[in-house]
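Read through the structure below, which is laid out as structure tokens, and then see the notes.
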Amino acid sequence: MSLGRPVPTGLAVALLAVGLLPAALTVASPAFGWLALALDVAVLALCAVDFLRAPHGEDVKVSREVEPILSSGTRNAVHLSFERVDTGPAPLRLEVRDEPPQVVASTGHRQSLVLQALSGAPLTRSRLTYFVTPPSRGDASFGDLHLRLLGPLGLCARQVRVPAAQAVKIYPDLTALSREALALARSSDAPSERTLRRRAAEGREFESLREYRPGDDYRHIDWKASARHANTLVRTWQPERHQPMLLLLDCGRHMAGKVQGRRKLDHAVDAALRLARVGLDAGDVVGVMAFASDVLTFLPPRKGHEHLRLITESLYRAEAALEESDYGRAYDFAFARQTRRTLVVLFTDLVDPDASAGLLTRTLALRPRHLPVVASLLDEDVRDAAIDVPVEAQDAYSRQAATRLESEFRRTASTLRDAGALVVRAPAQGFGAAALNVYLDVKSRGLL
């Protein structure tokens, strides 16, 4: 640490301001000028003494504790620990300012505290916590810590810099990747928010036998097993396992727009990662591709939690490029060796009519061999603009443009559904849950 530099406090500035009063009366008598000068010199002298008597950087130890991997779109805690190492009886007053990454929103990174010297316990510790909310993914770094150690008079502080640079990675929202996602998925695009709970397992893969219960389908009775056990038994079924699912993330220019303060691609990556976790937990094999005008990342369908780590690593640096997406190249690359029937989930934006034309052609070509799902974010601002009553001329233009975008989406979505594809559209808050609901429905109905 350096010896620091002096920083006058608000009290010192206020005292210097008092010295301006006699200075203003100098026009009446030169004696007031000397009085103002004497006051200023006295305040500056006291500031110098206060700075010399202020604690040094070596009198306190400070450190930062933060996870090396942060989750985007959520609050992440940062802890600052302080330890007083001097043995003086006076309390040690200080202000701390951290340097969080410029790309994140932070609250509480500048705070004040007092370290008391307790009898018999001269090494006094304290801990502060503040929060950072990264809006997007990628690499980031914290800077140094800055301390202002106040002098005993409260007129001047010693400011020191504590080297504490630290690199962190910002991943997609990891807090949503819980096993509870299978039991509870919330859909926000319904007329009223509803909860979809995990339904009884249905499918085409045999799971077990159990005793017959009133209301069971007679077609599920296993007559041979019932005869052997002298009891009526029915077969239970579960969704098939080890089925392939391929997640395609459009990283073109129309995914660079922002919804609720975050880029559309960030919401899509969060939803894709959540869906990958649930698919792998269900025993399916999951692959992922990020593409724009060319393929950026591709991981073929695999299974296991190690594969989830690889998927997370491959997506946390994905960025939206200001270029048109080539859906044909992406599909050709993905299905060059993929022959099994696959659930294909494409995260893209359907409000762009020019891009939707190429998307329609190539997505519909996947049927009937594969089952395509197109997931698109609902921009609530655009939706509201399409139905709001205009007050001014600018509102009318906005409504016309929003109405056209909504009409293009409905036309594209209708064409996709008529051809047998599935379409998901939900606001940012429920986007991941809406995609998850479709996956659970596909599995329970045995559509693959």
- Message: Checking Pro22 against (1) within 50 Å of the chain's Cα centre (by Cα); (2) buried (at least 18 other Cβ atoms within 10 Å of the Cβ), only one condition comes out false. Which one?
- Response: (1)
- Task: Report yes if His79 is at pLDDT 90 or above, touching an Asp or Glu at 6+ places or on another chain (Cβ under 6 Å) and open to solvent by 10 Å² or more (accessible area, probe 1.4 Å), otherwise no.
- Result: yes
- Note on the structure: Counting only residues that are surrounded by 14 or more Cβ atoms within 10 Å (Cβ to Cβ) and at negative phi, region 2-17 contains a total of 8
- Query: Among Gln429, Gln400, which is in a helix (DSSP H, G or I), of a type in the set (S, T, N, Q) and within 27 Å of the chain's Cα centre (by Cα)?
  - Reply: Gln429
- Of all residues in region 43-83, count the ones that are over 15 Å from Leu128 (Cβ atoms) and of a type in the set (Phe, Trp, Tyr). 1
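From the list Asp326, Asp384, Asp332, which one is at pLDDT below 85 and not aliphatic (A, V, I, L, M)? Give the derivation first.
Numbers: Asp326 fails: at pLDDT below 85; Asp332 fails: at pLDDT below 85.
Among Asp326, Asp384, Asp332, only Asp384 is at pLDDT below 85 and not aliphatic (A, V, I, L, M).
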- Query: Would you say Val438 is hydrophobic (A, V, I, L, M, F, W, C) and assigned to a helix (DSSP H, G or I)?
  - Reply: yes
- Task: Considering only region 393-448, state which residues are over 12 Å from Ala375 (Cβ atoms), open to solvent by less than 50 Å² (accessible area, probe 1.4 Å), of a type in the set (S, T, N, Q) and touching a residue at least 24 places away in the same chain (Cβ under 8 Å).
- Result: Thr412, Ser444
- Message: I'd like the full set of residues that are at pLDDT below 85 and part of a strand (DSSP E or B), limited to region 87-135.
- Response: Leu118, Ala121, Arg125
- Message: Quick test for you: out of Phe333, Phe298, Phe291, pick the one residue that is open to solvent by less than 20 Å² (accessible area, probe 1.4 Å) and aromatic (Phe, Trp, Tyr).
- Response: Phe291
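Tell me, yes or no, whether region 150-163 has at least one residue that is modelled with pLDDT of 80 or more, more than 30 Å from Val43 (Cα to Cα) and open to solvent by 80 Å² or more (accessible area, probe 1.4 Å).
Within region 150-163 (the criterion being modelled with pLDDT of 80 or more, more than 30 Å from Val43 (Cα to Cα) and open to solvent by 80 Å² or more (accessible area, probe 1.4 Å)), the answer is yes, since at least one residue qualifies.
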- Message: So, in region 140-160, exactly how many residues are in contact with a strand residue (DSSP E or B) (Cβ under 6 Å, 6 or more places away or on another chain) and under 21 Å from Ser63 (Cα atoms)?
- Response: 14
- Any hit, region 32-51, residues being small (Gly, Ala, Ser) and not in a helix (DSSP H, G or I): no
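One line per residue, one yes/no per condition, for (1) modelled with pLDDT of 90 or more; (2) under 24 Å from Asp441 (Cα atoms):
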| site | (1), (2) |
| --- | --- |
| Arg302 | yes, yes |
| His305 | no, yes |
| Val351 | no, no |
| Thr361 | no, no |
- From the list Thr312, Thr297, which one is of a type in the set (S, T, N, Q), touching a helix residue (DSSP H, G or I) at 6+ places or on another chain (Cβ under 8 Å) and closer than 12 Å to Cys251 by Cβ? Thr297
- Task: Among the residues of region 40-51, write down those that are farther than 12 Å from Val13 by Cα and more than 46 Å from the chain's Cα centre (by Cα).
- Result: Val41, Ala42, Ala45, Leu46, Ala48, Val49
- Query: Taking into account only those residues within region 246-288 that are open to solvent by less than 10 Å² (accessible area, probe 1.4 Å) and among the acidic types (Asp, Glu), which is modelled with the highest pLDDT?
  - Reply: Asp250
- Name the one entry in Arg367, Arg340 that is in contact (Cβ under 8 Å) with a residue 40 or more places away in the chain, touching a Gly at 6+ places or on another chain (Cβ under 7 Å) and under 25 Å from Tyr327 (Cβ atoms). Arg367
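The values are calculated or read from the model by the stated rules, or taken from the named source; none is laboratory data. On a predicted model such as this, the values are computed, not experimentally measured, just so you know. All Cβ positions, glycine included, derive from the backbone under ideal geometry; neighbour counts span all protein chains shown. Note: accessible area is taken over every heavy atom of the protein model, side chains too, but ligands, DNA and RNA are not part of it. Shrake-Rupley method; radii C 1.70, N 1.55, O 1.52, S 1.80 Å.
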